1. Given the criterion open to solvent by 30 Å² or more (accessible area, probe 1.4 Å) and at pLDDT below 90, identify the matching residue among LYS99, LYS79.
2. Pick from segment 34-48 the residues that are among the aliphatic types (A, V, I, L, M) and in a loop (DSSP other than H, G, I, E, B): which of them is surrounded by the most Cβ atoms within 10 Å (Cβ to Cβ)?
3. Kindly check whether there is at least one residue in segment 120-135 that is under 22 Å from ILE69 (Cβ atoms), buried (at least 18 other Cβ atoms within 10 Å of the Cβ), without any contact (Cβ under 8 Å) to a residue 60 or more places away in the chain and among the charged types (D, E, K, R).
4. Go through (1) surrounded by 15 or more Cβ atoms within 10 Å (Cβ to Cβ); (2) under 29 Å from TYR80 (Cα atoms); (3) at pLDDT below 85 for GLY31 and report which single condition fails.
5. Does PHE86 count as surrounded by fewer than 17 Cβ atoms within 10 Å (Cβ to Cβ), modelled with pLDDT under 80 and either assigned to a strand (DSSP E or B) or in contact with a strand residue (DSSP E or B) (Cβ under 8 Å, 6 or more places away or on another chain) (or both)?
6. Is there any pair linking a residue in segment 149-166 that is touching a residue at least 40 places away in the same chain (Cβ under 8 Å) to one that is open to solvent by 90 Å² or more (accessible area, probe 1.4 Å), with Cβ under 6 Å and at least six apart or on different chains, and which?
7. Taking the condition of being open to solvent by less than 50 Å² (accessible area, probe 1.4 Å), at pLDDT 90 or above and not small (Gly, Ala, Ser), how many residues in segment 13-28 meet it?
8. When segment 139-152 is examined, which residues are found to be open to solvent by less than 70 Å² (accessible area, probe 1.4 Å) and over 22 Å from GLN45 (Cα atoms)?
Amino acid sequence: FGIKGGLNASTLSIEGSNSSKVKSLFGANGGFFASVPASKNFFVQPELAFSMEGARFENAAGGTTEQRINLINLPIMFKYVTNSGFFVEVGLIISAKQKTGSVETNFEDNINSANLAAGGGVGFKLGEALGVGARYMFGVRNVSKIGGARTNINNASLNLFYTFGR
């Protein structure tokens with residue numbers, strides 16, 4: 001088992017939107033994991049992590065709007081001993097805020113409370129316990145409750161992790 005934390009660069013892909021006006025939003029993530037051996041070279045790694053995600057939009061008036069979405073992620077990673085692998089991640093959205101200038105509003109009623117993403121990652125152990133990992137998560141579930149606008153959360157993260165025990 002161990003702990004991990006790092007930085008995210010996330011965005012929202014919105015069907016029919018002008019993608020040049022959607023910019024990445026940076027945030028933090030952190031949590032706990034356990035690597036459970038399934039065979040000599042294969043591990044199942046459930047995790048519980050907090051993740052700050054969202055996107056920044058340029059509006060017609062030249063200003064920006066930030067949509068910040070905080071999630072509790074419950075990923076299950078299938079991993080080989082080389083620390084590379086693939087996984088499916090389920091995130092529960094715990095808050096969603098939008099900020100335009102100095103005005104902040106909640107938009108939780110406009111999005112589904114659960115997100116589903118799939119992705120992959122690679123990692124490298126720097127020693128017995130310390131390591132670094134990178135992941136990209138591609139949102140596969142529409143999180144928008146607004147009709148006609150399919151919205152997915154996509155996220156890239158870079159993490160340090162520390163493993164306790166063997």
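The values are calculated or read from the model by the stated rules, or taken from the named source; none is laboratory data. No experiment lies behind these values; they were computed from the predicted model shown. Counting neighbours? That spans all protein chains shown, and the Cβs are built from the backbone with ideal geometry, glycine included. Quick note on the areas: whole protein, heavy atoms, side chains included, nothing else; ligands and nucleic acids left out. Shrake-Rupley method; radii C 1.70, N 1.55, O 1.52, S 1.80 Å.
1. From the options LYS99, LYS79, the qualifying one is LYS99.
2. ALA34
3. Yes: one or more hits.
4. With (1) surrounded by 15 or more Cβ atoms within 10 Å (Cβ to Cβ); (2) under 29 Å from TYR80 (Cα atoms); (3) at pLDDT below 85 applied to GLY31, the lone miss is (3).
5. yes
6. Going by the 6 Å Cβ cut-off, the qualifying pairs are ARG150/GLU15; ASN154/PHE138; ALA156/TYR136; LEU158/LEU7; PHE164/PHE1.
7. 1
8. If the condition is that a residue be open to solvent by less than 70 Å² (accessible area, probe 1.4 Å) and over 22 Å from GLN45 (Cα atoms), then ASN142, VAL143, SER144, ALA149, THR151, ASN152 are the ones that fit.
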